[in-house]
Structure formats: structure tokens, C-alpha cells
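To keep things clear, I will list the structure first and then write my remarks on it.
The values are calculated or read from the model by the stated rules, or taken from the named source; none is laboratory data. Here the structure is a predicted model, which means the values were calculated and not measured. Here the Cβ positions follow ideal geometry from the backbone for every residue, glycine too, while neighbour counts run over all protein chains shown. For the accessible areas, the whole protein counts, side chains as well, though only heavy atoms, and no ligand, DNA or RNA atoms are used. Shrake-Rupley method; radii C 1.70, N 1.55, O 1.52, S 1.80 Å.
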Amino acid sequence: MEVVVVGAGIAGLSTAWSLAKRGHRVTLLEQGPIPNPLAASGDHHRIIRRAYPSGSGYGRAITEAYSAWEEMWADLGQCHYDHRGFACVSREPGDEAEDYLEGLKEGGFPFDLLTAEETASRWPFFDPATIRYAYFSEEGGALHCRRIANGLCEWLRANGADVREQARVVSVDADAGTVALADGETIRADRIVVTAGAWVTKLFPDLAGTLSTQRTAVVYLDPPADLKAAWERAPVILDVGGTVDGYIIPPSGGGGLKFGTGLHKKVNPDADADRAPRPEEGAQILSHFSPPMARLSEYTVLEVVTCAYTFTADERFFGMGKGKAIVVSACSGHGYKFGAAVGRRVADAVEDGDIARLHRWLRAEVA
């Protein structure tokens with residue numbers, strides 16, 4: 001089967017990988033370089049973890065994701081996963097960290113519960129006076145996005161896929177099974193998979209009511225000298241409690257210490273617009289982390305990186321079939337960790353045409 005994949009973020013790369021393994025002829029089109037620094041998958045590192053709120057279904061689905069990553073590492077001949085574990089701190093009853101803890105309990109996943117004092121003793125960058133408790137699980141860490149993208153590109157080219165960078169798609173005719181490029185070329189395929197991230201509504205404007213394109217940003221920091229060693233051995237911090245929706249990734253895989261928060265985002269219908277970071281953004285992002293982080297005034301902002309994501313109202317994956325096309329979008333900035341599994345599932349749908357099952361799996365409604 002001839003398959004065109006539009007977009008070379010983690011979902012597109014993984015779909016191309018899974019299809020090529022099955023013997024399909026794959027053309028992968030990316031509007032920029034691979035990895036594309038403007039894309040959601042283009043940053044240095046992203047979190048993978050077991051924790052999801054109880055009843056969400058994604059705690060179950062992450063088991064399949066881990067299996068898919070292991071399959072990918074075997075093909076690439078190298079593992080791009082820093083298995084350093086993850087931690088959460090709770091600051092208020094019923095906050096997201098507490099929801100995640102209930103999900104771990106529901107799934108029977110292992111964790112260590114720590115008092116505030118034990119937390120600060122283990123990780124001295126926390127202020128124990130501002131937290132209720134913390135917990136740590138070994139089943140998580142950091143995925144190295146740029147290394148994964150480069151490795152998959154090499155593998156795809158070595159296995160016969162046509163991988164094209166700087167190949168911007170301007171339109172998709174789902175009924176005819178054609179893709180038009182900015183340079184005037186038209187490519188015909190048996191099936192088209194669109195994994196264009198925040199640019200998907202440019203190709204399918206009717207999805208703008210379902211998928212909201214939003215601009216976010218993260219900040220890279222240099223910590224105080226006496227805390228550098230603690231950060232080097234720290235787990236990823238999935239949630240810092242309260243209403244911050246904040247996460248932290250320690251230095252790993254060529255990427256530095258990164259802070260990000262769900263509070264720092266805004267609707268941005270054009271993913272290409274307003275991408276330059278503003279001078280004040282680093283300090284704004286950092287301000288959301290005190291409390292529970294200690295001594296933040298001693299951290300130096302090194303870089304602010306903007307990101308563009310699609311968000312859904314219920315923060316779940318989106319998938320649909322349209323003619324010969326399948327459109328897939330990640331779930332509100334939380335999708336990278338499922339990337340390898342998404343690729344396998346989309347490849348299943350390309351082959352068997354069961355878009356309804358793919359949709360249910362993407363929403364974590366079926367195993």
C-alpha cells in the first residue's frame with residue numbers, strides 16, 4: 001500500500017516506522033527540518049510516567065506505550081529513554097498530584113510515599129514548609145525527543161521510506177487521496193495519515209471548533225551551584241501540586257533543567273504566529289513555581305522556548321477518518337509518551353480500516 005504521512009512529529013515518525021516495518025511504501029512529509037524545533041515534538045526531552053488520574057484509562061494505555069518504545073529501541077539499536085523515575089508533590093487536598101496518586105493506587109503501580117521533611121532531605125530544591133507530602137515511582141523518566149527523531153529518520157531511510165524535509169503540504173484531498181505540496185507537486189496515495197500537530201487546522205479548517213491551537217512556553221534554567229548535583233540525580237517532577245499544573249525535567253539527553261506550567265498558555269489559531277519568546281516570559285513561568293520550589297531567585301534563566309499544541313476540551317487524543325485520510329492529534333500536550341504506541345495503532349487502522357476502534361483507543365476507552 002502507498003501511504004503518505006503528513007507531519008514528522010512523534011506520531012508521524014512512529015506511524016511511518018510501524019507502516020514501513022509492515023512492508024508498506026511510505027512517504028513522510030515535514031514542513032521544516034526533522035526534528036522541527038517549532039513542533040511540539042521538537043524539544044529536547046519529554047516526560048513518560050505511569051501516573052494518570054484514576055478512571056482516565058490512560059494509566060492502562062501507558063503499559064502498551066512502554067512495550068512499543070521497547071520495540072522501537074530494538075529497531076534503532078539504541079535506547080533514548082532516561083529511566084530516572086518520577087515524583088509528585090501535593091500542596092492542597094484534591095490537587096492534581098493527589099489525583100495522580102489515586103491513579104497509581106488504582107493501577108497497583110509501585111510508589112514510595114514521603115513526608116515533607118523526607119522530600120526536602122532527598123531533593124533539597126523543595127521547600128518542605130509548603131508541601132503536604134510527595135511520592136516517588138521508579139516507573140517513569142525522560143524521553144529524548146531529538147535523539148528519537150534523528151534515530152527514526154535514519155531507520156526510515158535505511159528501510160526504504162521516502163523522508164522529505166522542507167516539504168510543506170498546502171492541502172489534502174481526502175476523497176481523491178492526494179496531497180498538494182507548496183512547490184506544486186501532487187502526491188497520490190492509497191491512504192493518507194495526517195499528524196500535523198498544531199498545523200492540522202490549516203489543512204482541515206472545519207476541525208477548528210474541536211481542536212484549539214494554543215501557544216505555550218517552557219524555560220531552561222541554571223540552578224544555584226550547590227543544587228546542581230541534586231538536580232542531576234533528580235527524577236522528573238510530574239506535578240508540583242496546587243493549581244500550577246507545573247512539571248520539571250532535570251538535565252537529561254542533551255537538554256538542560258526545564259520548567260513548564262499549564263498556566264502559561266494562550267489560544268493562538270496560527271501556529272506560526274507569535275513564536276518568538278518575550279523578554280519577561282522566563283520570569284513569568286518561574287514565578288508559578290514558588291511555592292513549592294525553594295530559592296528560585298537564585299536560578300538563572302538561560303532560554304525560553306515556545307511550543308504550539310492542539311488542545312481538546314476533554315484533554316484526550318483526537319482521531320477521525322475522512323475519505324482515504326486518517327487525522328490524529330495528540331491529547332493536549334500530554335501525547336508524546338504514547339507516540340510509539342500511537343504509531344502502531346494508526347498503522348493497524350490503515351490496514352484494517354477500523355477507525356472507530358482507533359478512536360476509542362485514542363480516547364483510552366478500550367484496551
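Whether a residue is open to solvent by 40 Å² or more (accessible area, probe 1.4 Å), out of contact with any helix residue (DSSP H, G or I) (no Cβ under 7 Å at 6 or more places or on another chain) and modelled with pLDDT of 95 or more was assessed, and G85 does not pass this test.
Considering the conditions (1) more than 28 Å from A230 (Cα to Cα); (2) touching a strand residue (DSSP E or B) at 6+ places or on another chain (Cβ under 7 Å), G59 is excluded by exactly one of them, (2).
Please count how many residues of segment 29-41 are surrounded by 22 or more Cβ atoms within 10 Å (Cβ to Cβ), of a type outside the set (S, T, Y) and closer than 16 Å to V200 by Cβ.
Within segment 29-41, the subset surrounded by 22 or more Cβ atoms within 10 Å (Cβ to Cβ) is 29-31, 34-35, 39-41.
Adding the requirement that they be of a type outside the set (S, T, Y) leaves 29-31, 34-35, 39-40.
Next cut, closer than 16 Å to V200 by Cβ only: 29-31, 39-40.
The number of residues fulfilling the criteria is 5.
In this entry, T201 is excluded by the filter for residues that are open to solvent by 60 Å² or more (accessible area, probe 1.4 Å), within 24 Å of L263 (Cα to Cα), of a type outside the set (F, W, Y) and under 24 Å from the mean Cα position of the chain (by Cα). Does A74 fit the bill of being in contact with a Lys or Arg (Cβ under 7 Å, 6 or more places away or on another chain), surrounded by fewer than 21 Cβ atoms within 10 Å (Cβ to Cβ) and farther than 28 Å from R122 by Cα? Here the answer is no, as A74 does not meet what is asked. Residues in segment 230-243 include at least one that is open to solvent by less than 10 Å² (accessible area, probe 1.4 Å), charged (D, E, K, R) and either more than 24 Å from L302 (Cβ to Cβ) or in a strand (DSSP E or B) (or both). Looking at segment 354-366, which of the residues that are assigned to a loop (DSSP other than H, G, I, E, B) and open to solvent by 40 Å² or more (accessible area, probe 1.4 Å) is nearest to H334 (Cα to Cα)? So the residue we want is R363. Do we have any residue at all in segment 328-342 that's without any contact (Cβ under 8 Å) to a residue 60 or more places away in the chain and assigned to a helix (DSSP H, G or I)? No: segment 328-342 contains no residue that is without any contact (Cβ under 8 Å) to a residue 60 or more places away in the chain and assigned to a helix (DSSP H, G or I). When you look at A97, is it open to solvent by 70 Å² or more (accessible area, probe 1.4 Å) and out of contact with any helix residue (DSSP H, G or I) (no Cβ under 7 Å at 6 or more places or on another chain), yes or no? The answer is no for A97. Within this structure, D206 passes the test of being without any contact (Cβ under 8 Å) to a residue 40 or more places away in the chain, acidic (D, E), on the phi < 0 side of the Ramachandran plot and assigned to a helix (DSSP H, G or I).
Under the condition of being charged (D, E, K, R) and outside any loop (DSSP other than H, G, I, E, B), which residue from segment 269-298 is farthest from the chain's Cα centre (by Cα)? Even if it seems obvious, please write down each step before you answer.
Applying the first criterion (charged (D, E, K, R)) to segment 269-298 yields 270, 272, 274-275, 278, 280-281, 295, 298.
Applying the additional criterion that residues be outside any loop (DSSP other than H, G, I, E, B) yields 281, 298.
Values: E281: 21, E298: 29 Å.
Result: E298.
Here I187 meets each of (1) in a strand (DSSP E or B); (2) buried (at least 22 other Cβ atoms within 10 Å of the Cβ); (3) of a type in the set (A, V, I, L, M) with one exception, condition (2).
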